[in-house]
1. Is it true that SER110 is in a loop (DSSP other than H, G, I, E, B) and surrounded by fewer than 20 Cβ atoms within 10 Å (Cβ to Cβ)?
2. State whether the residues of region 72-87 include one that is on the phi > 0 side of the Ramachandran plot and at pLDDT 95 or above.
3. Within region 368-381, count every residue that is under 24 Å from PRO134 (Cα atoms) and surrounded by 24 or more Cβ atoms within 10 Å (Cβ to Cβ).
4. Just to be sure before I move on: is ALA188 closer than 30 Å to GLN206 by Cβ, touching a helix residue (DSSP H, G or I) at 6+ places or on another chain (Cβ under 9 Å) and surrounded by fewer than 13 Cβ atoms within 10 Å (Cβ to Cβ) in the structure I sent?
5. So which residues in region 340-367 are of a type in the set (A, V, I, L, M) and either touching a Cys at 6+ places or on another chain (Cβ under 6 Å) or surrounded by fewer than 23 Cβ atoms within 10 Å (Cβ to Cβ) (or both), if there are any at all?
6. Considering only residues of region 83-98 that are more than 16 Å from LEU342 (Cα to Cα) and not charged (D, E, K, R), which is surrounded by the most Cβ atoms within 10 Å (Cβ to Cβ)?
7. Anything in region 174-217 that is of a type in the set (Lys, Arg) and more than 24 Å from the chain's Cα centre (by Cα)? List them, or say none.
8. Report, by residue number, each residue of region 226-235 that is surrounded by fewer than 19 Cβ atoms within 10 Å (Cβ to Cβ) and either at pLDDT below 95 or part of a strand (DSSP E or B) (or both).
Amino acid sequence: MNPPFLFRRILLALVAGVLAACGTLPAPETTGAAAPSGVRQPHEPLAQPGAASSTEVIVRGNSRWQPVDWSELPGFDSDALFEAWNAWLKSCERPGPVFAPLCPEVRRLSIGSQAEQRQWLLDRLQPYRVDPLPGVTTAGLLTAYFEPELQAQRLPGPGFQVPLYQLPANLKERQPWFSRQEIDTLAAAQEALRGREIVYLSDPVQAMVLQIQGSGRIRVTEPDGSVRLVRLAYAGHNGHPYQSIGRWLLDQRELRDATWPGIQAWLKQNPQRVNELMWRNPRVVFFKEERLGDFDAAFGPKGAQGVPLTPGRSIAVDPQSIPYGTPVWLASEGPQIALQRLVLAQDTGSAIRGAVRADYFAGWGEAAGELAGRLKQPLRLWVLWPKARP
């Protein structure tokens, strides 16, 4: 992202207080008003692949899909399509009813040339520009999220005192559960979490980053001194609303640029205020540990579609506007990055709402984290929808 990785979509855009942030195809919402003439309201499931003609406007949730010519898609002739094909193969592990019939062809083309892949797209799919509904003036917005890579210890020790927890056994008995401050201060909360510790980190800000992203690669030092690489995946949260600590620092005029490095620097200058800052966000995320083999390490965590995310080719979307598993053409120009490429809608997040809104999975590591912390720029989207069979 709450589905797995939901918060990861509540992203390091936290810094500006806009933190955005992850198989079956959900039934789309329909609008209350009748569709205008020539506009189809797609009720689930959408007939056969490509049941829409290339001349129909489609209204889905908060979006309006306008059919366009392929020439409208910027960079279509130059994208490295084989990179997106890897993400598409993942979506075909859990396709919805619209794209399932295309998956055998997608698999065959995984060893095809880029020219063959591009021609297949032209033959089998129709591009639709994604617009907000009439009267909605919200501009398109692209942010990014990533998977942190952190060092940890299995047991607490010098320099490693910040625990990450499994789901507490009694979490479902009360909603909301204990807040972050209560977990740190109340004996009842600490007793409920006793024995639920998974690992210990060295830095509370790292723990906050991991909880916002919803998943992370953790290099764990075991009691015998051995080191294992594992993934901590999202398992649930304590039912409290997310609040941005970066936004609070900006509002208090403590910082002018609340990036994660800036927040960490502020804490080093104000160590006595760590709890004051951390408690501003009452939401606590709980994790489950997953084995991370060599093959799994080549992909990100599972998104809301239920398939592993592909760096640079997976996006989180509002599923009411774009169904999971849909191939999407993405275009965004800004100071951080220029993107014109094929991506797959494979995830969502609580901050990902609206028609032209996406969270770009940047991958893992320092460079991905830097991009995720700063990316916030204009966005255009086109869904690629199956054509009707002759």
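The values are calculated or read from the model by the stated rules, or taken from the named source; none is laboratory data. The structure presented is a predicted model; accordingly, all values stated were derived computationally and were not measured. With ideal geometry, Cβ positions are generated from the backbone for all residues, glycine too; neighbour counts draw on all protein chains shown.
1. No.
2. Yes, there is a match, as at least one residue in region 72-87 is on the phi > 0 side of the Ramachandran plot and at pLDDT 95 or above.
3. Residues in region 368-381 being under 24 Å from PRO134 (Cα atoms) and surrounded by 24 or more Cβ atoms within 10 Å (Cβ to Cβ): 1 in total.
4. So ALA188 passes the test.
5. Selection gives ALA367 alone.
6. Checked region 83-98; the qualifying residue surrounded by the most Cβ atoms within 10 Å (Cβ to Cβ) is VAL98.
7. ARG174, ARG194, ARG196, listed by residue number.
8. Those that are surrounded by fewer than 19 Cβ atoms within 10 Å (Cβ to Cβ) and either at pLDDT below 95 or part of a strand (DSSP E or B) (or both): VAL227, ARG228, LEU229, VAL230, ALA233, ALA235.
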